[in-house]
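To start, the structure itself, in structure tokens.
Nothing in this text is a laboratory measurement; each read-out follows from the coordinates by a stated rule. Note that the structure is a prediction, hence the values are computed from the model and not measured. Because the Cβ atoms are built from the backbone with ideal geometry, glycine has one as well, and the counts that use them run over all protein chains shown.
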Ligand SMILES: Cc1cc2nc3c(=O)[nH]c(=O)nc-3n(C[C@H](O)[C@H](O)[C@H](O)COP(=O)(O)OP(=O)(O)OC[C@H]3O[C@@H](n4cnc5c(N)ncnc54)[C@H](O)[C@@H]3O)c2cc1C
């Protein structure tokens with residue numbers, strides 16, 4: 001039998017200073033920042049638009065901007081600025097970002113996924129980034145072992161070889177790390193947080209919904225108890241009882257974060273495995289239909305509502321993390337640890353999605369800092385990561401992965417890459433103090 005399935009088309013070839021794989025919040029911030037420093041930057045994205053988990057996964061809100069506190073009387077206190085603030089301001093200016101909404105002891109802002117996609121296109125093009133959509137990184141270029149010098153991407157035109165000074169893995173899944181054979185970690189001994197299929201419910205009578213359910217987007221215990229009852233009676237199949245419903249920037253629309261997807265045989269799913277990823281999509285859509293039926297039948301204001309669409313891709317919270325020179329620990333998060341090498345800060349709770357109720361552990365009136373070396377591989381050269389695949393313990397990721405922080409990581413790693421290229425340094429040699437200087441110049445408020 002002939003097993004040679006080689007693609008015989010010629011490779012296309014590009015050279016650049018910085019290559020970013022992945023156009024999520026982190027990849028966008030990273031590519032724009034490095035390009036604004038005058039570097040030749042390529043951004044590869046497997047979909048036809050940017051946004052990643054926030055847009056393709058419809059995660060829908062920018063969490064992580066504010067401090068949490070028992071008393072929210074004084075309103076939201078913002079702690080993340082810089083690129084994140086610039087993006088939020090521009091999105092709000094286009095009508096694509098809500099004012100802060102209550103999320104338990106913290107706040108969040110709901111975004112419009114179409115306006116996000118269009119703003120990302122505009123920012124990338126204005127910064128001069130060479131954006132390549134519908135391109136999947138499928139291999140790494142290495143010289144003599146563990147020095148990453150770029151990637152091979154698959155496109156409809158054939159394979160594309162991209163040689164670069166610094167490669168940034170902003171794939172969310174640490175794909176480039178894995179392809180390079182560098183050390184990585186998967187969840188808690190292989191167990192990752194469960195996926196969620198987010199969906200939109202339209203036709204909601206919002207004044208009645210808000211009058212009955214209140215301004216907090218975390219639905220109260222009465223709703224959880226009702227879900228549990230209906231589940232027990234067999235009337236519906238609703239595996240998650242603690243749910244979050246966010247009024248969006250569109251009239252009469254709720255963004256529904258409520259499903260909890262497992263395999264048809266009850267097993268926990270890990271989207272790194274193609275069978276699990278596929279099953280998550282199919283079961284996610286089915287579950288969205290079931291929750292929408294429950295809402296219509298049981299929630300005030302939802303009587304005439306309909307499920308208008310599910311996310312284009314099931315929401316994946318966690319897959320593979322880098323094993324970095326530093327690891328953000330669970331203790332760092334809950335104790336509000338600070339670091340002289342910090343390049344970002346967060347006050348988002350540990351929001352662990354496992355079991356039938358997500359566990360939320362608040363960090364009140366304080367924040368923790370995330371050190372640069374959480375983004376630098378323990379071994380190897382030429383590579384940095386940005387975004388949710390940072391080096392962090394299982395519960396710590398359940399806090400550190402949200403959108404405002406991913407913007408902040410990308411912002412910092414874009415500067416780190418620029419410093420490395422301009423000074424002919426390996427990323428590990430970059431001084432975090434210099435990154436902080438650039439971040440401060442950009443208004444990131446890290447002092
Ligand atoms: C269900 C769910 C709900 C959430 N809710 C919220 C919320 O309400 N608020 C909040 O702030 N955060 C929320 N999050 C978290 C947040 O959405 C993500 O953690 C964040 O968007 C991650 O950003 P990122 O840039 O690190 O990675 P991602 O957004 O995952 O982006 C990675 C990008 O890389 C691309 N890519 C991957 N592999 C390749 C490859 N090999 N080649 C080319 N491209 C590739 C992907 O297509 C994607 O665009 C939620 C997440 C989930 C799953």
Relative contact order [Cα under 8 Å, 6+ residues apart], the range 198-310, whole percent: 38
Whether the chain is rounded, prolate or oblate, judged on the alpha carbon gyration tensor where a/c under 1.5 counts as rounded: prolate
Cα gyration tensor, the range 42-186 - rounded (a/c under 1.5), prolate or oblate: prolate
With Cα atoms, 0 to 90° folded angle of helix 83-93 axis to the chain main axis: 50
Relative packing of 129-135, 407-413, 78-84, which averages over residues the other C-beta atoms within 10 Å, highest first: 407-413, 78-84, 129-135
Global geometry of the range 213-288, whether rounded, prolate or oblate, following the gyration tensor of its Cα atoms and the 1.5 cut on a/c: oblate
Nearest-ten-degree value, helix 274-298 long axis tilted from longest Cα axis of the chain: 30
C-alpha center-to-center spacing [the range 302-323, the range 19-33] in angstrom: 21
Relative contact order (%) - the chain, alpha-carbon pairs under 8 angstrom, separation at least six: 22
Degrees, to the nearest 10: 113-127 long Cα axis against longest axis of the chain: 20
Ascending count of other beta-carbon atoms within 10 Å, so fewest first, for 278, 61: 278, 61
Euclidean distance of C-alpha centroids, the range 46-69 and the range 93-158, integer Å: 11
Estimated 222 nm signal from helices in the chain, with DSSP H stretches of n ≥ 4 weighted -39500 (n - 2.57), rounded to 500: -9500 deg cm²/dmol
Packing rank of 32-41, 362-371, where each peptide gets the mean count of other beta carbons within 10 Å, highest leading: 32-41, 362-371
Relative contact order [Cα under 8 Å, 6+ residues apart], the range 262-386, whole percent: 21
